[in-house]
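Written below as structure tokens is the structure these notes are about.
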Amino acid sequence: MLKPATPKDILVILGNLRLHFNTNLMNQKEFELLLTDYIEELAIYPIDLIYEACRTYRKDPQSVFFPKLGQLLGLMSDKCYKRRWELQKLYKLLEVSEDELV
């Protein structure tokens with residue numbers, strides 16, 4: 001649930017997202033540089049959250065341009081925080097149960 005996405009996974013998702021939006025204002029090299037930044041920032045997130053954020057953005061009628069990184073991060077941060085919080089609670093429960101066994 002928290003395993004980070006691979007750069008390849010992120011490229012595939014962002015490449016698919018790009019098909020839905022006009023990115024003709026930047027050349028291929030500029031877009032590759034943009035993707036490098038996106039990969040760096042998104043690489044800490046699980047692939048399903050990245051996919052869901054891109055899907056949500058794509059389906060929003062207000063979305064006209066390729067998303068800014070902050071827009072995607074905003075769609076994921078609460079969900080990722082909740083997952084991390086749940087994981088911490090599970091670790092605490094495990095720790096308490098192990099202490100009771102000793």
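Please enumerate the residues belonging to region 1-24 that are under 11 Å from Phe66 (Cα atoms) and of a type outside the set (S, T, N, Q).
Leu14, Gly15, Leu17, Arg18, Leu19, His20, Phe21
Can you tell me which of (1) within 21 Å of Lys82 (Cβ to Cβ); (2) among the β-branched types (Val, Ile, Thr); (3) within 11 Å of the chain's Cα centre (by Cα) is the one Thr56 doesn't meet?
Every condition holds for Thr56 apart from (3).
Please specify each residue of region 48-102 satisfying the condition of being among the polar types (S, T, N, Q) and closer than 22 Å to Lys3 by Cβ.
We begin by selecting, within region 48-102, every residue among the polar types (S, T, N, Q); these are 56, 62-63, 71, 77, 88, 97.
Listed by number, the residues that qualify are Thr56, Ser77, Gln88.
Scanning region 39-57 for residues that are over 14 Å from Leu75 (Cα atoms) and not acidic (Asp, Glu), which turns out surrounded by the fewest Cβ atoms within 10 Å (Cβ to Cβ)? Full working, then the answer.
Restricting attention to region 39-57, the residues satisfying the condition of being over 14 Å from Leu75 (Cα atoms) are 39-40, 43-44.
Keeping just the survivors that are not acidic (Asp, Glu) gives 39, 43-44.
Working: Ile39: 17, Ala43: 14, Ile44: 11.
Applying the filter and picking the extreme gives Ile44.
Under 7 Å by Cβ, and 6 or more places apart or on different chains, what pairs join a residue from region 54-76 that is modelled with pLDDT of 95 or more with one that is part of a loop (DSSP other than H, G, I, E, B)?
Pairs found: Tyr57/Ser63; Tyr57/Pro67; Arg58/His20.
The values are calculated or read from the model by the stated rules, or taken from the named source; none is laboratory data. Predicted model, so just to flag it, every value in this text is computed and none were measured. A quick note on method: Cβ atoms are made from the backbone with ideal geometry, for glycine too, and the neighbour counts reach across all protein chains shown.
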